[in-house]
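So the structure is just underneath, and the comments pick up after that.
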Amino acid sequence: MRDLVAGYEPGLPILRGASIDVPAGTIVTILGPNGAGKSTLIKAIVGLVPVDSGSATLGGRDIRRVPAHRMVPAHRMVRHGLAYVPQTENVFTRLTVHENLELAGFFLKRRRRRRIDAVYALFPDLARQRRLAAGRLSGGQRQMLATARALIVEPRLLILDEPSAGLSPKLVSTVFAKLTEVRAAGVTILMVEQNVKAALAISDYAYVMVEGRERVGAPAAELAARTDLGDLFLGAMPAGGTA
Amino acid sequence: MLQFVADGLVLGATIGLGAIGLTLVYSILRFANFTHGDLISWGAYFVLSLVGLLTAAGGAAAHRFGVLSFGWPLVAAVVLAVALTGALGLLLDGALFRHLRRHGTTITLVIASFGASLALRNMIVFLYGPRPDYYSRDIQIAVPVLPGVRVTPDQVFVLGLTAVLVAALHLLLTRTTLGRAMRGVAENPTLARVVGVDVEAVVRWTWVIGGGLAAVAGAFLGLTVQVRPQMGFDLLLPLFAATILGGIGSVYGAIAGGLIIGLAESLSVPLIGSEYRQAVAFLVLLAILLVRPTGLFGDRA
C-alpha cells in the first residue's frame with residue numbers, strides 16, 4: 001500500500017498548486033514561513049477548507065472529489081482512514097479524558113473498547129487521568145490526548161497541525177518521541193511544524209512550503225544539513241535540486 | 001407560606017423543563033430561539049386535541065388513575081404530542097433555520113425565530129380560537145400534605161415526572177453516544193466534525209429533544225393551569241431568565257434556574273403582592289448575575 005496525498009491543485013489564492021507525497025509508514029513534515037499555506041493545505045485535505053481543483057488520494061482511493069460542493073464532508077473523512085489533530089482547541093475540555101476517546105470512536109461500535117485500551121497502552125499517563133475533565137490537563141497532556149483521540153479510529157494517515165506549538169522544549173521532545181512510537185506502530189504521519197530542528201530530527205521526509213506551493217522536498221536528514229534553509233524560508237529559489 | 005413554596009416548586013418544574021429545551025437549542029445551534037415558547041403551546045394543544053380524540057374513541061367514561069384528574073387517554077396523548085412537537089421542531093429547522101444557518105448570521109436566526117414564533121402562535125388562534133381551554137372540567141380537591149400545605153395530586157405528578165425526565169436527560173448526555181456528541185458539538189462544532197460527528201444530525205436530534213421537552217412542559221401547564229394560545233409566549237421571559245440564571249448551555253443550571261424563578265414568583269405574592277410577581281423574578285436574576293455573571297452553573301471561560 002502506498003498512502004498518498006497528492007496532486008492537490010486549487011485555484012484558491014492561498015494554495016497555488018501544492019503537491020506532496022506521503023509514503024506509508026513514514027513521518028513527513030511540512031515546513032515554511034507563516035502564511036505559506038501549510039495549515040490550509042492540511043485543512044483542505046481533511047475537508048475543512050473547500051478545494052477548487054486538484055485531487056487527494058489515500059491508498060489509491062480518491063478522498064477529495066472536486067468541484068467543492070461534491071466534497072466528502074469533514075465528518076466522513078475519519079471513516080476514510082484519515083485523522084486530524086488541529087493546532088488549538090483540539091480536545092473537548094468539558095468532557096473527561098475517557099469521554100473524549102469514547103466520542104472519537106463512536107462509530108466503531110464493538111471495537112471501540114479494544115481500541116481505547118490499545119491507545120491507553122500507548123499513553124499510560126492518560127489512562128491514569130481518564131476521569132479528569134480534559135480542560136484541566138496541561139498543554140503537553142492535551143496534545144497527547146488530542147493525538148490519542150485521533151489514533152482511536154486506527155487511521156492510515158495521522159495529520160497534525162503544529163503539535164509542538166506552545167510547548168516547552170522538554171515537552172516537545174516528549175511529544176515527538178511519542179510520535180516516533182506511533183510511526184513504529186504502523187501509522188503514517190503528516191505534520192506541519194515551525195519547530196524546524198526538532199521536527200526534522202524525527203521526520204523521514206520534509207517539504208518547505210512558500211507562497212502556497214512546495215518549494216523544496218527532500219529527505220529530512222538532507223534538509224537538516226542544508227545551510228540555505230533560512231534563505232528558502234524567505235523565498236529564495238533553491239540552489240540544489242528539488243525532489 | 002409553605003403553600004407558596006409548594007406552588008412555586010410546581011411552576012418552577014414547568015419553567016425548568018421548558019428552559020432545558022431552550023438551553024439545549026441555544027448551546028448547540030447558538031441562537032436564542034423564540035419559537036420555544038410556541039412549541040410549548042403547540043405541545044399543550046396537541047395534547048388537548050389528542051385527549052379529545054382518544055376519549056371519544058374510548059367511549060364516554062374517561063379513564064382516570066386513582067386520585068389524578070387524568071388517565072390513559074392523557075398519558076397516550078402526551079406521548080404522541082412529544083413526538084408531534086419534536087417533528088414540528090424538525091420541520092421548523094428543515095424549512096427555515098437550516099438554510100439560515102448556512103448563509104445568515106446569529107441575529108438573522110434570532111429575528112427569524114421571532115417571526116416564526118408569531119406565525120406559530122397565530123396558527124393556534126386560527127385553529128382553536130382565542131379562548132382558554134382545559135384538559136378536564138372536573139375540579140380536583142387539593143390534599144393536605146403538611147400542616148397548612150395542600151397540593152393537588154396532579155401537582156405531585158408534575159414534580160415527580162420532572163425529576164424522572166431530568167434524570168433521563170442526564171443519562172442521555174453522559175452515557176450515550178448522542179449525548180457525548182451533543183456536548184462535543186456544543187463546545188466545539190469544528191472539532192466535532194473532525195472526529196467524525198455528523199453535526200447536522202446532532203442538530204436535528206436537538207430539535208426533537210427540545211421540542212419533546214417543550215410538549216411535556218406544555219402538558220404540565222395545561223394540567224395545572226389552563227391551555228391558551230399565549231401560554232408559551234408568556235412563559236418565554238421566565239424561560240430565558242431561568243436559562244441565563246442557571247448559566248446558558250447548562251441543563252442542570254436550567255432546572256435550578258427554573259425552580260428559583262418559580263419560587264421567586266410564587267413567594268413574591270404574599271410578600272409584595274401579585275402585581276409584581278414577574279418583576280421579582282427579574283430582580284433575583286439581576287442579583288445573581290451581579291455576583292456570578294456566568295450564571296449558577298455557567299463556565300467561567
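The values are calculated or read from the model by the stated rules, or taken from the named source; none is laboratory data. Just so it is clear, the model here is predicted, and its values are computed rather than measured. Neighbour counts are summed over all protein chains in view; Cβ atoms, including those assigned to glycine, are modelled from backbone coordinates with ideal geometry.
Miscellaneous remarks
- Selection of segment B:149-200 for residues being basic (Lys, Arg), out of contact with any His (no Cβ under 8 Å at 6 or more places or on another chain) and either over 16 Å from residue B:11 (Cβ atoms) or within 14 Å of chain A (Cβ to nearest Cβ) (or both) yields B:175, B:180, B:183.
- Condition met for residue B:85 (within 26 Å of residue B:234 (Cβ to Cβ), out of contact with any Asp or Glu (no Cβ under 7 Å at 6 or more places or on another chain) and surrounded by fewer than 20 Cβ atoms within 10 Å (Cβ to Cβ)): no
- Once segment A:81-105 is narrowed to residues that are assigned to a helix (DSSP H, G or I) and more than 7 Å from every other protein chain (Cβ to nearest Cβ), the residue that is farthest from residue A:193 (Cα to Cα) is A:98.
- Subset of segment B:101-140 [more than 20 Å from the chain's Cα centre (by Cα) and among the aromatic types (Phe, Trp, Tyr)]: B:126, B:128
- For segment A:205-222, the set of residues classified as over 14 Å from the mean Cα position of the chain (by Cα) and surrounded by 17 or more Cβ atoms within 10 Å (Cβ to Cβ) consists of A:208, A:209, A:210, A:212, A:213, A:214, A:215, A:216, A:217, A:218, A:220, listed by residue number.
- Residues that are in contact with a Pro (Cβ under 7 Å, 6 or more places away or on another chain) and within 14 Å of residue A:22 (Cα to Cα), drawn from segment A:172-200: A:187, A:191
- When A:115, A:142, A:130, A:149 are checked against the criterion of being surrounded by fewer than 21 Cβ atoms within 10 Å (Cβ to Cβ) and either assigned to a helix (DSSP H, G or I) or within 9 Å of chain B (Cβ to nearest Cβ) (or both), a single residue qualifies: A:115.
- Residue in segment B:52-59 that is at pLDDT below 95, over 25 Å from residue B:124 (Cα atoms) and surrounded by fewer than 23 Cβ atoms within 10 Å (Cβ to Cβ) present: yes
Each row is one residue, and each column tells you yes or no for (1) within 30 Å of residue A:89 (Cα to Cα); (2) in contact (Cβ under 8 Å) with a residue 60 or more places away in the chain.
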{"position": "B:143", "(1), (2)": "no, yes"}
{"position": "B:148", "(1), (2)": "no, yes"}
{"position": "B:177", "(1), (2)": "yes, no"}
{"position": "B:196", "(1), (2)": "yes, no"}
{"position": "B:202", "(1), (2)": "yes, yes"}
{"position": "B:208", "(1), (2)": "yes, yes"}
{"position": "B:220", "(1), (2)": "no, yes"}
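- When residue B:268 is tested against (1) closer than 30 Å to residue B:135 by Cβ; (2) of a type in the set (S, T, N, Q); (3) within 20 Å of the chain's Cα centre (by Cα), exactly one condition is not met: (3).
- Cβ-Cβ under 6 Å pairs, at least 6 apart or on other chains, segment B:273-301 side at negative phi and within 14 Å of chain A (Cβ to nearest Cβ), far side in a helix (DSSP H, G or I) and modelled with pLDDT of 85 or more: B:297/B:246; B:297/B:252; B:297/B:253
- Residue list for segment A:28-75, restricted to those being at pLDDT 75 or above and of a type in the set (S, T, N, Q): A:29, A:34, A:39, A:40, A:57
- Boolean, residue A:78 is away from chain B (no Cβ under 14 Å), crowded, with 22+ Cβ neighbours inside 10 Å and modelled with pLDDT under 80: no
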